[in-house]
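Chemist: First the structure, then my questions, so here it is.
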Amino acid sequence: MEKEGKAGSYLSRFKKVLNSWLSYNGVNVKLKVNIRGESDTPRIADERVPNKEELDRILRMATLRGRFSIALMAFSGLRPESLGNYDGSEGIRLGDFVEAEIREDGMELAKVPTMLVVHKKPEQGWAPVLTFVLPFEELIKSPHIMRNFKVEQKYLAAMTVAEAINRDSKNIPKAKPFMEYVAESDDREFMSALFAFLERSKRREVFMAVRNNETIVKCLELTGRALL
């Protein structure tokens, strides 16, 4: 199989299967076969973590559900298997946001950052994981919390504001003072992410709502006219 160009990591699977089968049948034999490149992974050798621009494009192309999943993995350190299995019978549920309150008009988090419980296999119990999940109302009431935000948290904040506006245009006036605060800080990174997450029609609505605010407009111009 080496002559056929099979990777060493692929060939090693056959050795593991044979050892497992022999052990199951009471034959205590270990196959001492040296396989060249047994630990190599050629298919993923050139893979790397997406940079900020690439992650930005990924989030823009994703659905709301996809954005949420991607954000949890990118910014909170969760693995895909922690989010859930392929048929949705296991994984993170609303109840795992233990500090969240479900109301008629949405979900509100009692504490920020909030705690998310990530369940392991039943025999392993569960472990709490702290992650930054930022509610829209909390952000607009306390824009100063953005001061110490890292890049990952800024992306989550931008996504939170954008999704609130995408959901209901009435949230634009609520977000305007927050945007002004961000603009005064010349936080172009946040502003760029915000407009990237907004739906195309909402981008125009937001710009029309803030067009007379010199601070916000100047920040948008510096961020790049292409966003508009």
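Chemist: Which members of region 42-52 meet the condition of being surrounded by 10 or more Cβ atoms within 10 Å (Cβ to Cβ) and at pLDDT 75 or above?
Modeler: Within region 42-52, Pro50 is the sole residue that qualifies.
Chemist: Next question. Out of region 176-211, which residues are closer than 20 Å to Lys141 by Cβ, surrounded by fewer than 22 Cβ atoms within 10 Å (Cβ to Cβ) and either of a type in the set (A, V, I, L, M) or over 24 Å from the mean Cα position of the chain (by Cα) (or both)?
Modeler: Answer for region 176-211, where residues must be closer than 20 Å to Lys141 by Cβ, surrounded by fewer than 22 Cβ atoms within 10 Å (Cβ to Cβ) and either of a type in the set (A, V, I, L, M) or over 24 Å from the mean Cα position of the chain (by Cα) (or both): Lys176, Pro177, Glu180, Tyr181, Glu184, Ser185, Ala209, Val210.
Chemist: Looking for whichever is exposed (fewer than 10 other Cβ atoms within 10 Å of the Cβ), at pLDDT below 70 and either under 17 Å from Ala157 (Cα atoms) or outside the structural domain of Asn166 (by TED's automatic domain parsing) (or both) here; the options are Ser89, Ser39. Which one fits?
Modeler: Answer to the selection: Ser39.
Chemist: Scan region 138-160 and give yes if some residue there is touching a strand residue (DSSP E or B) at 6+ places or on another chain (Cβ under 8 Å) and closer than 25 Å to Val118 by Cα, otherwise no.
Modeler: yes
Chemist: Can I ask one more? Residues of region 165-203 being part of a helix (DSSP H, G or I) and without any contact (Cβ under 8 Å) to a residue 24 or more places away in the chain, which ones?
Modeler: Arg167, Arg200, Ser201, listed by residue number.
Chemist: Just need a number here: residues in region 207-222 that are part of a helix (DSSP H, G or I) and either farther than 22 Å from Glu53 by Cβ or basic (Lys, Arg) (or both).
Modeler: 9
The values are calculated or read from the model by the stated rules, or taken from the named source; none is laboratory data. Note that the structure is a prediction, hence the values are computed from the model and not measured. When we count neighbours, we look across all protein chains shown, and the Cβ atoms used for this are built from the backbone with ideal geometry, even at glycine.
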